[in-house]
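Asker: My questions will all concern the structure given below.
The values are calculated or read from the model by the stated rules, or taken from the named source; none is laboratory data. Values in this document were obtained by computation on a predicted structure and should not be read as measured data. Cβ placement follows ideal geometry from the backbone for every residue including glycine, while neighbour counts extend to all protein chains displayed.
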Amino acid sequence: MWAPANESREDVLNLYHRAWAHADATIEALPLDAMGHVPWWGDNGEVTLQRIMLHMTAETNRHAGHADIVRELIDGKVGLRKDNSNMDGHDEAWYQDYRNRLEASAKEAQAKQG
């Protein structure tokens with residue numbers, strides 16, 4: 001989940017605002033026990049609106065901006081907790097490639113800024 005160099009700040013903010021409006025409309029329209037499906041959650045993918053709302057509250061808390069990045073740099077830990085990393089299971093080479101792509105994109109965006 002990152003913005004490539006060709007995606008502007010306005011693009012990112014517009015996507016955020018559309019997601020925010022969609023979430024607000026969903027919460028307004030549906031009861032807390034309304035069922036939904038999160039395909040990438042596998043067997044745990046059938047969830048209520050209430051569970052999604054709680055999950056997103058916890059995710060926002062865990063990933064509150066740069067504080068999470070700083071904490072990861074300090075303690076070297078990623079994921080939910082020691083017995084459940086909640087990571088997607090890719091190997092070290094995949095993560096190194098991902099990091100390299102992120103860094104290249106950031107440098108490209110910085111160069112465009114002048």
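Asker: Picking from G36, G42, which residue would you name as being on the phi > 0 side of the Ramachandran plot and without any contact (Cβ under 8 Å) to a residue 60 or more places away in the chain?
Answerer: G42
Asker: In the range 1-90, which helices (runs of 4 or more DSSP H) lie fully inside it and hold 3 or more residues that are in contact with a strand residue (DSSP E or B) (Cβ under 9 Å, 6 or more places away or on another chain)?
Answerer: Where helices (runs of 4 or more DSSP H) fall fully within the range 1-90 and carry at least 3 residues being in contact with a strand residue (DSSP E or B) (Cβ under 9 Å, 6 or more places away or on another chain), they are 49-62.
Asker: Right, here's the next one. So Y95 passes all but one of these: (1) over 18 Å from the mean Cα position of the chain (by Cα); (2) part of a helix (DSSP H, G or I). Which condition number does it fail?
Answerer: Here Y95 clears every test but (1).
Asker: Does the range 28-49 hold any residues that are surrounded by 13 or more Cβ atoms within 10 Å (Cβ to Cβ) and either farther than 25 Å from Y95 by Cα or among the basic types (K, R) (or both), and which are they?
Answerer: Once the filter is applied, which keeps residues that are surrounded by 13 or more Cβ atoms within 10 Å (Cβ to Cβ) and either farther than 25 Å from Y95 by Cα or among the basic types (K, R) (or both), the range 28-49 yields L30, A34, G36, V47, T48, L49.
Asker: Here is a further query. Kindly indicate the residue of the range 1-19 that is within 14 Å of the chain's Cα centre (by Cα) and surrounded by 10 or more Cβ atoms within 10 Å (Cβ to Cβ) and also modelled with the lowest pLDDT among those meeting that condition.
Answerer: W2
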